[in-house]
Amino acid sequence: MVELKVSESKDLTRIERIGAHSHIRGLGLDSALEPRDVSEGMVGQTTARKAAGVIVQMVKEGKIAGRAVLLAGQPGTGKTAIAMGMAKSIGLETPFAMLAGSELFSLEMSKTEALMQAFRKAIGVRIKEETEVIEGEVVEIQIDRPAVTGAASKTGKLTLKTTEMETVYDLGAKMIEALGKDKVQSGDVIAIDKASGKITKLGRSFSRSRDYDAMGPQTKFVQCPDGELQKRKEVVHCVTLHEIDVINSRTQGFLALFTGDTGEIRAEVREQIDTKVAEWREEGKAEIVPGVLFIDEVHMLDIECFSFLNRALENDMAPILVVATNRGITTIRGTNYKSPHGIPIDFLDRLLIISTQPYTEDDIRKILDIRCQEEDVDVSEDAKVLLTKIGVDTSLRYAINLITSAALACQKRKGRVVEMEDVSRVYELFWDVKRSTQYLIEYQNQYMFNEATMGDEDDGSMMA
């Protein structure tokens, strides 16, 4: 008898990529902006998180536009995690743009143009406009199909009602198609935009609540609209200044946002857009929403970029700038001068500096617990103790990287829980920086183009 093997099929739409900061959900603060011990994926760094929470609160209240914040600390102390937490805490309506300092030197445009585009991606425009909508509860949908296929397009009638009136509307082929696409049926409350014909399903009428079991628990019930069917409503569109720039500067208009067109935008176009947005603000049709621009590895910027940022922050529509660096006193790129964090003193003077501290052993253990849960790996208590010890002796990032590797080693021996032997095995397979440096010092003469001196050997030995 032939044994059949059935391959397991996975639903690709349900697979999510686990990133380095995918466990971050916010800053982990309470309503009084006091940091919780472990919350929303954040552990430790209480002072830095509290300071970031104050910045977020000022952003929400629109009181900190045109300011800059520096996240400074050693590698692996949670600077990017705090920035991600700020992005999650700010909300969807506030623009948040991210950029690495090294990216500016690999783009097909000037450095200042790339910075300007990043700035304008972080500035939102909330545009208000009035539109006519037909809003009511669907009483009946009648569709007349032609007797002969292809003889004529389908036609029909739609009966809508409010608490005060009821009206029958004639339907064309496009409206019938839209109703079918949204699965609109009798008892649904819908809104139809008169200008575009767009149909929005608001929910199910409370009068049909007896059908709840048939509709399912996810069904939303709403009241039947009152007043007239045809109303004027205020609609709010949220876009960024960069999106407006692209739409008005490219021949393909709105489609340019999806084609990846990264060309430079002329200053005249931006000036016209700024003038128009200023007019909308005066007329009450629009308001500016200053967002957040996060630049990681800010020490990679050169003196020209810092000069541009100095001027850009003085603009009326500047966003909040958050930068991060792990450098100490080092040379400013493009000069021979040294400065704290590799940032010019005049620009450093503009910054509110938030310092991050190295994680304690207890913090490292809690972070490893969160990452094991995020990566869906069962780890024994002894293995977690060993991973924590490795994180203290080497680095937190190295210990986190060993989690998935140890899980694969566990699978190979057909185990279900990662044990100490799995962690020890991958610890010997994959080296950390200290062991790799020690190896280079011992065998440096066998490598090509070796430039290490005796002084460097002593430094490396101390590091190892």
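Numbers below:
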item	result
Selection count, the range 207-227, where residues are modelled with pLDDT of 80 or more and either part of a helix (DSSP H, G or I) or exposed (fewer than 13 other Cβ atoms within 10 Å of the Cβ) (or both)	2
Pairs where the first residue, in the range 262-290, is closer than 25 Å to residue 92 by Cβ and the second is of a type in the set (Phe, Trp, Tyr) and open to solvent by less than 70 Å² (accessible area, probe 1.4 Å), C-beta under 8 Å, 6+ apart	286/280
Pairs, first farther than 16 Å from residue 23 by Cβ in the range 358-387, second of a type in the set (Ser, Thr, Tyr) and open to solvent by less than 20 Å² (accessible area, probe 1.4 Å), C-beta under 9 Å, six or more apart	358/77; 361/388; 362/388
Which numbered condition residue 406 fails, given (1) under 30 Å from the mean Cα position of the chain (by Cα); (2) farther than 15 Å from residue 381 by Cα	(2)
Sole exception among (1) part of a helix (DSSP H, G or I); (2) modelled with pLDDT under 85; (3) open to solvent by less than 60 Å² (accessible area, probe 1.4 Å) for residue 289, by number	(1)
In the range 391-407, the residues that are out of contact with any Asp or Glu (no Cβ under 8 Å at 6 or more places or on another chain) and over 16 Å from residue 43 (Cβ atoms)	393, 401, 402, 405
Positions within the range 370-400 being in contact with a Ser or Thr (Cβ under 8 Å, 6 or more places away or on another chain) and either closer than 15 Å to residue 426 by Cβ or aliphatic (A, V, I, L, M) (or both), in sequence order	375, 377, 386, 399
Candidates 396, 368, 402 - the one that is of a type in the set (A, V, I, L, M), open to solvent by less than 40 Å² (accessible area, probe 1.4 Å) and within 23 Å of residue 72 (Cβ to Cβ)	396
Subset of the range 36-61 (residues that are part of a helix (DSSP H, G or I), open to solvent by 20 Å² or more (accessible area, probe 1.4 Å) and not aliphatic (A, V, I, L, M))	46, 47, 50, 57, 60
Residue that is modelled with the highest pLDDT [pool: residues in the range 410-464 that are of a type in the set (S, T, N, Q) and in a loop (DSSP other than H, G, I, E, B)]	450
Cβ pairs under 9 Å, 6+ apart, first in the range 172-184 and under 17 Å from residue 202 (Cβ atoms) and at pLDDT 85 or above, second part of a helix (DSSP H, G or I) and of a type outside the set (Asp, Glu)	184/178
Residues located in the range 312-340, provided they are open to solvent by less than 30 Å² (accessible area, probe 1.4 Å), part of a strand (DSSP E or B) and closer than 27 Å to residue 84 by Cβ	320, 321, 322, 323, 324, 325
Strands (runs of 3 or more DSSP E) wholly inside the range 79-181 containing at least 2 residues that are farther than 20 Å from residue 194 by Cα	96-100, 123-144
Residue match in the range 123-130 (condition: open to solvent by less than 20 Å² (accessible area, probe 1.4 Å) and either among the hydroxyl-bearing types (Ser, Thr, Tyr) or under 17 Å from residue 321 (Cβ atoms) (or both))	yes
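This table checks each residue for (1) touching a helix residue (DSSP H, G or I) at 6+ places or on another chain (Cβ under 8 Å); (2) open to solvent by 20 Å² or more (accessible area, probe 1.4 Å).
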| residue | (1), (2) |
| --- | --- |
| 63 | no, yes |
| 71 | yes, no |
| 74 | no, yes |
| 78 | yes, no |
| 82 | yes, no |
| 85 | yes, no |
| 93 | no, yes |
| 96 | yes, yes |
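The values are calculated or read from the model by the stated rules, or taken from the named source; none is laboratory data. Because the structure is a prediction, the values reported are computed rather than measured. For neighbour counting, all protein chains shown are included, and Cβ atoms are generated from backbone atoms with ideal geometry for every residue, glycine included. Side chains included, ligands, DNA and RNA excluded: accessible areas come from the protein's heavy atoms. Shrake-Rupley method; radii C 1.70, N 1.55, O 1.52, S 1.80 Å.
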